[in-house]
Each structure stands twice: as structure tokens, then as C-alpha cells.
Amino acid sequence: MAHSGINVLFEGRNLVRLFGGLGTTIEIAAVALVLGLILGIVLGVLRTFPNRLLRLLLRLYLEFFRIVPTVVLLFLFYYILPRQLGVNMPANEVATLVFALWTAAEMSDIVRGALISVPKHQRESGLAIGLNRWQLYRYVLIPQAVSLELPATINLVTRVIKTTSLLMLISVMDVINVGQQVVEANNQKYPTGVFWVYGIIFIMYFVIDYPLSWWAKRMDKKRLERANG
Amino acid sequence: MAKQILKVEHLEKSYRENHILHDINFSIDEGEVVALLGPSGSGKSTLIRCLNGLEPYQKGNVIFNGKPVVPTEKNWQKLRQQIGMVFQSYDLFPNLTVLDNILLGPVKVQHQSREAAKATAEKLLDQVGLREYENVYPRQLSGGQKQRIAIVRALALNPELMLFDEVTASLDPEMVRGVLNIISKLAQDSNMTMIVVTHEMNFAQQIADRVLFLEDGHILEQTDGTKFFVNPQTDRAKEFLESMDF
């Protein structure tokens, strides 16, 4: 078993480096998600306001981030914008920014959808007891929207985490990029190393994403039970 | 003479091409109960919803306590504390307990202390016989119980005028009586001024001091409650009463 491929993981600092890459991945995803979800909630609420110009602008924002592939967005922000605008940001920050803006766009649509599906009568009975617009959102609409939108939000979170695998394209040292380097450096000694390296990356993503996806499914089921019961 | 609470002058409402309310004029004095009757689609609900600004109108004036309402969202929002409304579909907030449903207005809108508001709320809950339900969520209540809570929620703001929009229309027949009794008691014991849209003719006859009969967005007649049911002034109202079995 001297040349068994699994040993590629224990060669030198390979495993530590892989976990380091995973740390970068998680850090970018986590910061982008926190910023993106908060911004997305605000934008989603604004998208239910009657002001048409505001709604149009936010709609364009959403469509831009939804239609343009994430890879293109990353390249756009990493290569093109600095040249045109003269802003120079490290790759990790560009990645965080792109993911935060993308999350915000998707989240705004989830929040808007949940808010407008709260029955009209709820809004009216809120108004009938004298609530102003802010209070109506704060005490009546948003709490009801949250339980409607939570499963979709968790799905968005898992999608964002998965999509971080594109970060190597703008040379962020994320877990995929580190994995690639490990594979290339050890190719001679461990020809089957690629299988083990990507195998462990698979397990890492799975361990992070699967519980989230399970949680979303369970919550959706519970919500349906409540709605029908 | 009793104090005039609300007066409506030449109110006109249309929605796109549809002219829904035509030249509506009436007033209501303190302690009076007015029933809005008429066939479906006659504009009763639209009219009552105009009276607390949930429905915009194009012409005419609503005068509340002697002051014409400038119909901005902000003005209506203030007035809604004085003009309570209960809807057909009760619409308690499902995310809040019964007590929190009731306290939301007094505490957040009127800035009463939670203790004071709670004392009022509990007194009102006692009156409708639902004190022991204060900590449950609306989904655990029956339709009739929900509607009684919705009435308490509106009363907790201590309004001067109450609007009831077909409040028993979506209830089980056996729940109807309990809700109607509460409204009658409110009229008799608390001398509450109210405008009631209903299809329950017995109930209307029992509590209405005056009846406004609407058809196609016109007020066809305004008659004393006792007179209307025995001797309506218009043929249309006569037909309407004959078509209702009660």
C-alpha cells in the first residue's frame, strides 16, 4: 500500500492546506451571505413599495445578476472593472462582493415573493388598527413572510456555497484551487491522487450543504403540515 | 341633540370605468346604529371601507367629529384609531398570540404601557368570554372565537365609531348568534356608535336605529329601523325584504 493514492492527503502539509482552502471558501461564503441576505431583505421590502421607478430599478438589478452567469460576473468585477474604474481589490474581496451582490439580488426576489403572498386582508386589518407602513411590515408582514421564505432562503445559501467552487477562476486560493495544486504537485508520485483529493473536497462540500438542504426540506414539510392542520 | 360623529357629503367613487358609489350623503350621531342593507354588489362594503380610508374615493367629503378629513394616508392612519373596523374574514395575525394581537394597536400605535393595555384587553376578553384564550395562537380558535377576538382587537383602541363589514358572513351558522350578541351588547350597554353591513335581517331589525338601503351605488332610502322592516319606502326595498327569508 506504499503508493496507495489516499496517502496523497497525508503527504507533507497537503491536508492542512486543503482545510486552509476550505477556510477561505467558508469565509468568503459566510461574509457574502450575511451582507447579501441583509441587503436582499431590504431590497425585497422596497420592491413591494408602490413607487414604480424604484421597483423598475431593483428589477433590473435582479435580472442582471440572475441572467449573467456567475463566472462572467467574477471576470467582470476582477478584470474589467479595475481597468475601467481604476479600483484595485484583492481577489478575495472581489469574490465576496460579487457573491454578496448576487445573493442580495436572489434574496430580494424571495422576500418580495413571500411578502406579496401574505393575504391582502392581513395588510388591511393591520392598517385598520392604525399601524403605519413601517409597523405593518415590522409586526405583520415580515414575520409572516419569514416562515414562507425560509426554505427558499436556505436553498439559496446552499447554492451560494456550492458556487464558490468557481472562485479559483479569479485565483482565489479556495479549496478547489488548493486541491488542483496538490494534484499537480503530486501527480508523479500518486497518479490516482486526483480521485482522493476531489473525493475529500466532495465530502467537505457535502458535509456543509447536506444538513442545510435537509433542514430546508424539513421546514417546508412542517410549514405545509401547519397550513393544512 | 346628540353629537354628530360622522357625516358623508356627496361621496363619489369609481374604479376604472365602473362608477361604484353615486352621491352618497348621510350622517351618524353619537350612540346611533346604522345598518347598511342592500343586494350583493350594491356597494355596501365599498362604502364602509371608504369611511376609514381603506378605499380611495374621487369626490365628496367625509367629516369626522366636525372636521373634514383630508384624505392622505397619514391622516387616515391617525383616524383609524378612532374608527375601528372588523372584517368578514376576521384576519387575526397568525404570528401573534391572541393577547399580542389585541395589544399591538394600543401599545405600538397609541403608546400605552403594556400593563395598562393588558388590563383593558383582559376586561374586553372577559366580556366576550374568551379570557382563558389570551395566550393561544389564532389557529387554535374556531371561526366564531376568532371573530370575537377581532372585535376585541378593534375595541382595544377605544374607538368612537365601529364599522362592521359582514362580520358573520363566513361563520358557521351556530357561531353567528354569539358574535351578533356581542355586537348588540356593544350597542345597548356601551352605547357604541356603529355602522353595520349585514345580511342578517333579524339582527339588523333588532339593532338598527336607521337603515340605509343601497342599490347600484345609490342610497335609495334612509328610514328608521323600526319603520324600514315593516313599511319600507321604496318598492325596491320591499322586494329586497321579501326575497330575504327571516
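The values are calculated or read from the model by the stated rules, or taken from the named source; none is laboratory data. Remember, it's a predicted structure, so these values are computed and weren't measured experimentally. Note that we place each Cβ from the backbone using ideal geometry, even for glycine, and neighbour counts take in every protein chain shown. Ligands, DNA and RNA are excluded from the accessible area calculation, which covers all protein heavy atoms including side chains. Shrake-Rupley method; radii C 1.70, N 1.55, O 1.52, S 1.80 Å.
At a glance:
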| read-out | value |
| --- | --- |
| For the stretch B:114-244: relative contact order, % (alpha-carbon pairs under 8 angstrom, 6 or more apart) | 17 percent |
| Local electrostatic count, B:Glu134, Cβ distance below 11 Å [Lys/Arg +1, Asp/Glu -1] | -2 |
| Per-residue [θ]222 nm for chain A (sum of -39500 (n - 2.57) over DSSP H runs n ≥ 4, rounded to 500) | -24500 deg cm²/dmol |
| Global geometry of the stretch A:5-228, whether rounded, prolate or oblate, following the gyration tensor of its Cα atoms and the 1.5 cut on a/c | oblate |
| Lys/Arg +1, Asp/Glu -1 at C-beta; the stretch A:5-228 dipole; positive extreme among A:Pro119, A:Val146, A:Asn92 | A:Pro119 |
| Ranking by accessible area, most exposed first, for B:Glu242, B:Glu32, A:Glu11 with a 1.4 Å probe | B:Glu242, A:Glu11, B:Glu32 |
| In the stretch B:1-118, lysine pairs closer than 22 Å at Cα, eight or more apart or cross-chain | 20 |
| Sequence of B:Asp91, B:Asp126 when ordered by accessible area, the most exposed leading, probe 1.4 angstrom | B:Asp126, B:Asp91 |
| Between the stretch A:153-183 and the stretch A:1-70, the Cα center-to-center distance that results, in Å | 9 Å |
| Inter-label distance for B:His111 and B:Lys59, nm, one decimal - labels placed 7 Å from Cα along Cα-to-Cβ | 4.1 nm |
| Charge dipole magnitude, Cβ of K and R +1, D and E -1 - the stretch B:4-220, Cα centre, debye nearest 20 | 600 debye |
| B:Glu115 - accessible surface, heavy atoms, 1.4 Å probe, Å² rounded to 10 | 140 Å² |
| A:Ile176, A:Ile203, reordered so the largest accessible area comes first (probe 1.4 Å) | A:Ile203, A:Ile176 |
| Computed magnitude of the charge dipole of the stretch A:96-229 (debye, nearest 20; Cβ of K, R +1, Cβ of D, E -1) | 520 debye |
| Three-way shape call for the stretch A:112-166 based on the alpha-carbon gyration tensor, with the a/c threshold at 1.5 | prolate |
| Lysine pair count for chain A [Cα-Cα under 27 Å; pairs on different chains or 8 or more apart] | 5 |
| Computed [θ] at 222 nm, deg cm²/dmol, chain B (DSSP H ≥ 4; -39,500 (n - 2.57); rounded to nearest 500) | -10000 deg cm²/dmol |
| Furthest towards positive pole of dipole, B:Ile219, B:Gln233, B:His199, structure part the stretch B:195-238, Cβ charges | B:Gln233 |
| Relative contact order (%) - criterion: Cα under 8 Å, at least six apart; region: chain B | 27 percent |
| Dipole moment magnitude, nearest 20 debye, the protein assembly as shown about Cα centre, only Lys, Arg, Asp, Glu C-beta charged | 1560 debye |
| Accessible area (Å², 1.4 Å probe, nearest 10) - A:Val183 | 20 Å² |
| Share of carbon and sulfur in the accessible heavy-atom surface of the stretch B:4-220 [1.4 Å probe, %] | 44 percent |
| The protein assembly as shown: C-alpha gyration tensor shape, a/c 1.5 cut-off, then a/b vs b/c | prolate |
| Inter-label distance for A:Arg133 and A:Lys189, nm, one decimal - labels placed 7 Å from Cα along Cα-to-Cβ | 6.5 nm |
